[in-house]
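Trainee: Let me give you the structure first, and then I'll get to my questions.
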Protein chains: 2
Amino acid sequence: MPDHPEPDHEPDNLQLVHLLRAVAVDFGLRQAEFATRNGMHPTDVRALICLLDAARAAEPATAGLLGARLGLNSAGTTAVIDRLERLGHVARIRDEHDRRRILLRVEPAAIRLGREFFGPLIDGVLRVLDSFDPAERDAVRRFLTAAHTVFASDPQP
Amino acid sequence: MPDHPEPDHEPDNLQLVHLLRAVAVDFGLRQAEFATRNGMHPTDVRALICLLDAARAAEPATAGLLGARLGLNSAGTTAVIDRLERLGHVARIRDEHDRRRILLRVEPAAIRLGREFFGPLIDGVLRVLDSFDPAERDAVRRFLTAAHTVFASDPQP
DNA sequence: GGCGATAATCTCGCTTAACGAGATATTACC
DNA sequence: GGTAATATCTCGTTAAGCGAGATTATCGCC
């Protein structure tokens, strides 16, 4: 529900915000397409992305963390993991240091599946970025960082 | 599922793609937050956004078009409209030119609700954009346009 | 070193979003 | 004017996610 906020800005800039939103919507649709194409649900795909992000950041990917990131309660989290495990995309591993916890490992087959689908899309964007000079790339980075900061800030009261 | 695609690009650019994805995810979370805060479901919010986009583009917002954009079948589409109508956010209007069709009008109260929630967020992004010079704005526009083109292109076989 | 409090995950039952199939009403084609 | 095509809705079913509570493991305290 994007329409014009408070007044008094360049109208061109508002158009950029609309573009950003359109990209976000596109991304969601692609995620959903990848999901149905592989017998999954959008939430399952979000879960895989979340687990890969955690792996990249070297965070321990526990069931609880996953549920928190996805906004699911514990029952829903268990269900997501069950589905992913049944498809062979994720393995449950008891944490030997704290045996209450379940660590989640994304299987290589799932990573390959994601790369097949998203690789060409990412490559398309990268090809455009390669044609940018450093100042332009920096402008993009500052814009995205600002958007990330604004949209990720803690919920309003 | 974002990880490294084919090789041979600036690693900094890949980081920009990750940032873009993060923003898309943030946006989805905010959408979900707005939904639950107003007794709706994420799909309902996506429907409202879709209807407002159609209004801005001066397209006729029919039930069928809405369902197609959301990827729902006709039963699901009817259900979404029922929920929005029950909350008073949308009105069903018979198209007098083709009396099979239902036109959908977003009520002003719903628009106000969206502006209250998303206005400050949009404003935050606009404030940053106002500090950009025209060349930087153009870089952002080209980047977003490219991403939109890549992500919105027709489904792969 | 054992005991209650806390934490992490799972089980059960329920609500309901979305699906498939088919009904209904309106328009377009020949 | 009758039949095909289109737009929406109804009905019954599946399963995603929730709330409540059970289960198992760890930690702090005396």
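Trainee: For the structure I just gave you, tell me whether A:Arg69 is within 12 Å of DNA strand C (Cβ to nearest atom), basic (Lys, Arg) and either in contact with a Gly (Cβ under 9 Å, 6 or more places away or on another chain) or closer than 28 Å to B:Gln15 by Cα (or both). Break it down into steps so the answer makes sense when it comes.
Mentor: Working: within 12 Å of DNA strand C (Cβ to nearest atom): yes; basic (Lys, Arg): yes; either in contact with a Gly (Cβ under 9 Å, 6 or more places away or on another chain) or closer than 28 Å to B:Gln15 by Cα (or both): yes.
When the stated conditions are applied, A:Arg69 passes them.
Trainee: If you don't mind, there's one more thing I want to ask. Taking the stretch B:62-79 as the search range and keeping residues that are open to solvent by less than 70 Å² (accessible area, probe 1.4 Å) and more than 9 Å from DNA strand D (Cβ to nearest atom), which one is farthest from the other protein chains (Cβ to nearest Cβ)?
Mentor: Here the residue is B:Leu72.
Trainee: Does B:Asp123 count as touching a Pro at 6+ places or on another chain (Cβ under 6 Å), under 21 Å from A:Leu16 (Cα atoms) and modelled with pLDDT under 95?
Mentor: On the way: touching a Pro at 6+ places or on another chain (Cβ under 6 Å): yes; under 21 Å from A:Leu16 (Cα atoms): yes; modelled with pLDDT under 95: yes.
So B:Asp123 passes the test.
Trainee: Which condition number does A:Arg92 fail, the rest of (1) in contact (Cβ under 8 Å) with a residue 12 or more places away in the chain; (2) part of a helix (DSSP H, G or I); (3) more than 14 Å from chain B (Cβ to nearest Cβ); (4) of a type in the set (D, E, K, R) being met?
Mentor: It fails just one condition, (2).
Trainee: Okay, moving on. Mind checking which residues of the stretch B:8-41 are open to solvent by 50 Å² or more (accessible area, probe 1.4 Å) and touching a Phe, Trp or Tyr at 6+ places or on another chain (Cβ under 9 Å)? Steps first, answer last, please.
Mentor: So the first thing to find is which residues in the stretch B:8-41 are open to solvent by 50 Å² or more (accessible area, probe 1.4 Å), and the list is B:8-12, B:15, B:25, B:29, B:36-37, B:39, B:41.
Across the stretch B:8-41, the qualifying residues are B:Val25, B:Leu29, B:Arg37.
Trainee: Now, a different point. If you take the residues in the stretch B:106-134 that are of a type in the set (Asp, Glu) and not in a helix (DSSP H, G or I), which one is most open to solvent (accessible area, probe 1.4 Å)?
Mentor: The initial filter retains those residues of the stretch B:106-134 that are of a type in the set (Asp, Glu), namely B:107, B:116, B:123, B:130, B:133.
Those still in the list that are not in a helix (DSSP H, G or I) too: B:107, B:133.
Numbers: B:Glu107: 43, B:Asp133: 69 Å².
The extreme case among them is B:Asp133.
Trainee: Test of understanding: among B:Arg105, B:Arg101, B:Arg142, B:Arg115, which residue is among the basic types (Lys, Arg) and facing another protein chain (nearest Cβ under 7 Å)? Before you say what the answer is, go through the steps one by one.
Mentor: On the way: B:Arg105 fails: facing another protein chain (nearest Cβ under 7 Å); B:Arg101 fails: facing another protein chain (nearest Cβ under 7 Å); B:Arg142 fails: facing another protein chain (nearest Cβ under 7 Å).
None of the other options fit; the residue is B:Arg115.
Trainee: Further, regarding this structure: Going by the conditions given, is A:Gly28 closer than 27 Å to A:Glu116 by Cβ, at pLDDT below 90 and under 17 Å from the mean Cα position of the chain (by Cα)? Can you show your working first?
Mentor: Details: closer than 27 Å to A:Glu116 by Cβ: yes; at pLDDT below 90: yes; under 17 Å from the mean Cα position of the chain (by Cα): yes.
Spelling it out, A:Gly28 is indeed closer than 27 Å to A:Glu116 by Cβ, at pLDDT below 90 and under 17 Å from the mean Cα position of the chain (by Cα).
Trainee: From the list A:Leu84, A:Leu52, pick out the single residue that is in a helix (DSSP H, G or I) and either of a type in the set (S, T, N, Q) or surrounded by 21 or more Cβ atoms within 10 Å (Cβ to Cβ) (or both).
Mentor: Working: A:Leu52 fails: either of a type in the set (S, T, N, Q) or surrounded by 21 or more Cβ atoms within 10 Å (Cβ to Cβ) (or both).
Checking each option against the conditions leaves just A:Leu84.
Trainee: Would you pick out the residues in the stretch B:9-56 that are in contact with a Leu (Cβ under 8 Å, 6 or more places away or on another chain) and more than 8 Å from every other protein chain (Cβ to nearest Cβ)?
Mentor: B:Asn38, B:Gly39, B:Met40, B:Thr43, B:Asp44, B:Ala47, B:Cys50, B:Leu51, B:Ala54
Trainee: Can B:Arg137 be described as open to solvent by less than 70 Å² (accessible area, probe 1.4 Å) and touching a Leu at 6+ places or on another chain (Cβ under 9 Å)?
Mentor: It is true that B:Arg137 is open to solvent by less than 70 Å² (accessible area, probe 1.4 Å) and touching a Leu at 6+ places or on another chain (Cβ under 9 Å).
The values are calculated or read from the model by the stated rules, or taken from the named source; none is laboratory data. Since the model is a prediction, treat every value here as computed from it, not as a measurement. Heads up, the Cβs are rebuilt from the backbone with ideal geometry, glycines too, and the neighbour counts pull from every protein chain shown. Remember, those area values only see protein heavy atoms, side chains included, never the ligands or the DNA or RNA. Shrake-Rupley method; radii C 1.70, N 1.55, O 1.52, S 1.80 Å.
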